[in-house]
Structure formats: structure tokens, C-alpha cells
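Engineer: Take this structure first; my questions come after.
The values are calculated or read from the model by the stated rules, or taken from the named source; none is laboratory data. Everything numeric in this text was worked out from a predicted model, so none of it was measured. Here the Cβ positions follow ideal geometry from the backbone for every residue, glycine too, while neighbour counts run over all protein chains shown. What goes into the accessible areas is simple: the full protein's heavy atoms, side chains included, and nothing from ligands, DNA or RNA. Shrake-Rupley method; radii C 1.70, N 1.55, O 1.52, S 1.80 Å.
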Amino acid sequence: RYANRFAHCDVLVVGAGPAGLAAARAAADAGARVILCDENPELGGSLRADPSAVVDGTPAADWVAAVTAELAARDDVTVLTRTTAFGWYQDNMVGLVERVTDHLADPPAHLPRERLWQVRAKRAVIAAGALERPLVFPENDRPGIMLADAARTYLTRHGVAAGSRAVVFTATDAAYAAALAAEAAGVNVVLVADLRRAASPAALAARASGLRVELATTIAATTGGRAVESVRLARIAANGSIAPGETVACDLVLHSAGFTPTVHLFSQSRGKLRWDEARGVFLPGEPHEDVVCAGACNGSETLDACL
């Protein structure tokens, strides 16, 4: 069984990470009727996988719990978890699909499996976050080769180490957080291969903590059958030539090329994108509807900037 519901609001917020929670609370404080939706079972977004984050002097988990309780207690706020915004139509008509009972072993008979929400919003805030970009290298599809932030989430949110002996391959500072989290959890991080020639502050901090960091280094090949067993490194010379490097045994490879703002919904609302040459990403530009983007999907790279 499926259900359909029409709803109106002053502000629709898509995404309940730090930017979305802050936006929903600010809109509610201003007297607006708010609908906040997120595709995950719980609110908090990236904060749920970052136990070291602090908001307004309090641990991020406590901040998320406080804002969640505050929004739930307000009659003018509707919070929808397990709900995906999938379509943006004329005049801020937004389609949402709420998964009502898919996660229940014994769902109540009176509840539908899913509910379609057709929401007409005076204004909308897209706070959809960002997606991690992969690095492309030969044989990068073996089991045990995964995005760095995914492995970090396994560790910090679910308490699961994806391997015991890891190689981290990166072109950005983002992967160093995953490397340090893995090392702290008891995973042997053999080395960090960084494509860049100059050591960034994150690379220097990782070295100071005892991690081996090799600059101007790439992965030339991997080995393994049912899972990755080793990587073959290569050195990148100043002229761009590649010299063979050592082979390193591992059962886990974490890689990251940074994060790309999630601009899909903004584009679907017929908003125009702009190219940021320095960062190599598309960012929201001129909107067509009454829509604003906030947080990582708008290019913010730090928690403070998102808030």
C-alpha cells in the first residue's frame, strides 16, 4: 500500500546535516512553517561520522540532539526522515518520497509502505552536502578499495574497520582525516601516497603523528583476487614522467580526490551552475526558483562555513 499527501510550507529544507539543521531552526525562529527532509534514518548528516566536531562549544552529537528535539517539539515544523527529494517542478513544487515501513520487521497494518509528498514551498533551502570524488588508477575495482570518507564513516559511526593494513591514496587533505581515524582505531596505515608535490599542513600533521607520507606518488597497479592484496606505487617526476616504485602489501586502499558539491536538485530546479576554475567544481549560480543553497553543496568546505 502506498499513500499520497499534499503539503504547503513557507520554507522547505532538503538535507538535515549541519547546514540544513541550522537553516530549519533559523526559519522556524523567524515564524515560518518549515518542512525538513533527509534521506537518512537520523538527522545530523556528516556530523554523525565526526566525533571530534564541536558546534557552539558543545560536541556535535549533543548539538544535533538538541536541535532535533527543538524542531520535533514545534508545531510549525515537520521533520521527515528516510525521505528523499527526487523531483523539482515549476513554482517550487517538490516531490518527496518517504519510506515509511521498509525498515520495520513487523509494520503496522494501517501504515503504507511509502508515502509520496507533493510539497509547494514559498522558499526552499537545498543543503544536500557533497559527494567524494574517486581517484582513477589501474585495477581500482578490487574488493577492499573504497572511498576514504566511506571507510571513515564505517569506523566512526558504525565501529567497523574495513581492513587491517591500509594504504591511503589522495590528492587532497580530506583523506588525512580518514587515515588518522583508521590509525587511531588500530588499523595499520602503512603509508599515505599523495599526488601533490608539496606537503600540505594536513600532510605535515600526519607525519608528525607518525604516519609515513610519500609525496608525488601514485598507484600504478593493484593485485588480488577476491580482495586487494597489494599496490604497486610509482613516483611522479617534476617533468611528469613516471618511475616504478615499491610494492606494498595491504588489504585496504582508501582514496580521495576531494568533494564535489551536490548540485543535482538545484539544476533540476532550472538553476544555472557556475564553474569554479580554482577548485575544479561546479557551484550553484543564478537560481530560477526561490531557492538558496547552503553548506557543502554551495561550496562551503568547513563546519563553521556551513553553519
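Engineer: In region 192-211, which residue that is surrounded by fewer than 15 Cβ atoms within 10 Å (Cβ to Cβ) and among the basic types (Lys, Arg) is nearest to residue 242 (Cα to Cα)?
Structural biologist: Of everything passing the filter in region 192-211, 197 is nearest to residue 242 (Cα to Cα).
Engineer: When you look at residue 214, is it part of a strand (DSSP E or B), open to solvent by 10 Å² or more (accessible area, probe 1.4 Å), in contact with a Leu (Cβ under 9 Å, 6 or more places away or on another chain) and acidic (Asp, Glu), yes or no?
Structural biologist: It is true that residue 214 is part of a strand (DSSP E or B), open to solvent by 10 Å² or more (accessible area, probe 1.4 Å), in contact with a Leu (Cβ under 9 Å, 6 or more places away or on another chain) and acidic (Asp, Glu).
Engineer: Related question: Hey, can you tell me all the residues within region 1-15 that are modelled with pLDDT of 95 or more and either open to solvent by less than 10 Å² (accessible area, probe 1.4 Å) or in a loop (DSSP other than H, G, I, E, B) (or both)?
Structural biologist: Selection gives 9, 12, 13, 15.
Engineer: Any residue that is of a type in the set (Gly, Ala, Ser), open to solvent by less than 10 Å² (accessible area, probe 1.4 Å), part of a loop (DSSP other than H, G, I, E, B) and in contact with a strand residue (DSSP E or B) (Cβ under 9 Å, 6 or more places away or on another chain) - is there at least one of those in region 16-26?
Structural biologist: yes
Engineer: In this structure, does residue 49 turn out to be at pLDDT below 95, farther than 15 Å from residue 292 by Cβ and open to solvent by less than 40 Å² (accessible area, probe 1.4 Å)?
Structural biologist: Details: at pLDDT below 95: yes; farther than 15 Å from residue 292 by Cβ: yes; open to solvent by less than 40 Å² (accessible area, probe 1.4 Å): yes.
Criteria met by residue 49.
Engineer: On to the next question. If you take the residues of region 76-134 that are of a type in the set (Phe, Trp, Tyr) and within 16 Å of residue 268 (Cα to Cα), which of them is nearest to the chain's Cα centre (by Cα)?
Structural biologist: 86
Engineer: Checking residue 302 against (1) under 25 Å from residue 46 (Cβ atoms); (2) of a type in the set (Ser, Thr, Tyr); (3) in contact (Cβ under 8 Å) with a residue 40 or more places away in the chain: exactly one of these is not met. Which one?
Structural biologist: (3)
Residues checked against (1) under 30 Å from residue 181 (Cβ atoms); (2) touching a Lys or Arg at 6+ places or on another chain (Cβ under 9 Å):
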| position | (1), (2) |
| --- | --- |
| 20 | yes, no |
| 29 | no, no |
| 35 | no, no |
| 70 | yes, yes |
| 89 | no, no |
| 115 | no, yes |
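Engineer: Need the failing condition index for residue 267 against (1) part of a helix (DSSP H, G or I); (2) at pLDDT below 95; (3) small (Gly, Ala, Ser), just the number.
Structural biologist: Every condition holds for residue 267 apart from (2).
Engineer: It is to be established whether one or more residues within region 123-140 are open to solvent by less than 30 Å² (accessible area, probe 1.4 Å), β-branched (Val, Ile, Thr), touching a helix residue (DSSP H, G or I) at 6+ places or on another chain (Cβ under 9 Å) and under 30 Å from residue 28 (Cα atoms).
Structural biologist: Taking every residue of region 123-140 in turn, at least one turns out to be open to solvent by less than 30 Å² (accessible area, probe 1.4 Å), β-branched (Val, Ile, Thr), touching a helix residue (DSSP H, G or I) at 6+ places or on another chain (Cβ under 9 Å) and under 30 Å from residue 28 (Cα atoms).
Engineer: With modelled with pLDDT of 95 or more, over 17 Å from residue 189 (Cβ atoms) and aliphatic (A, V, I, L, M) as the only criterion, which of 243, 238, 234 stands out?
Structural biologist: 234
Engineer: With the requirement that a residue be open to solvent by 10 Å² or more (accessible area, probe 1.4 Å) and either of a type in the set (Gly, Ala, Ser) or in contact with a His (Cβ under 7 Å, 6 or more places away or on another chain) (or both), what does region 54-68 give you?
Structural biologist: Answer for region 54-68, where residues must be open to solvent by 10 Å² or more (accessible area, probe 1.4 Å) and either of a type in the set (Gly, Ala, Ser) or in contact with a His (Cβ under 7 Å, 6 or more places away or on another chain) (or both): 57, 61, 65, 66.
Engineer: Ok, one more. Find the residue count for region 274-307, including only residues that are open to solvent by 50 Å² or more (accessible area, probe 1.4 Å), over 23 Å from residue 136 (Cβ atoms) and not in a loop (DSSP other than H, G, I, E, B).
Structural biologist: Start the filter on region 274-307 by keeping residues that are open to solvent by 50 Å² or more (accessible area, probe 1.4 Å), which leaves 274-275, 277-279, 282, 286-288, 290, 292, 298, 301-302, 304-305, 307.
If we keep only those that are over 23 Å from residue 136 (Cβ atoms) too, we end up with 274, 286-288, 290, 292, 298, 302, 304-305, 307.
Applying the additional criterion that residues be not in a loop (DSSP other than H, G, I, E, B) yields 274, 292, 298, 304-305.
The qualifying residues number 5.
Engineer: Which of the numbered conditions does residue 71 fail, given that it passes all the others? Conditions: (1) in a loop (DSSP other than H, G, I, E, B); (2) crowded, with 18+ Cβ neighbours inside 10 Å; (3) not charged (D, E, K, R).
Structural biologist: Unmet for residue 71, out of (1) in a loop (DSSP other than H, G, I, E, B); (2) crowded, with 18+ Cβ neighbours inside 10 Å; (3) not charged (D, E, K, R): (1).
Engineer: Sticking with this one: Looking only at region 230-263, which residues are loosely packed, with under 15 Cβ neighbours inside 10 Å, outside any strand (DSSP E or B) and not hydroxyl-bearing (Ser, Thr, Tyr)?
Structural biologist: Correct list: 237, 238, 239, 240.
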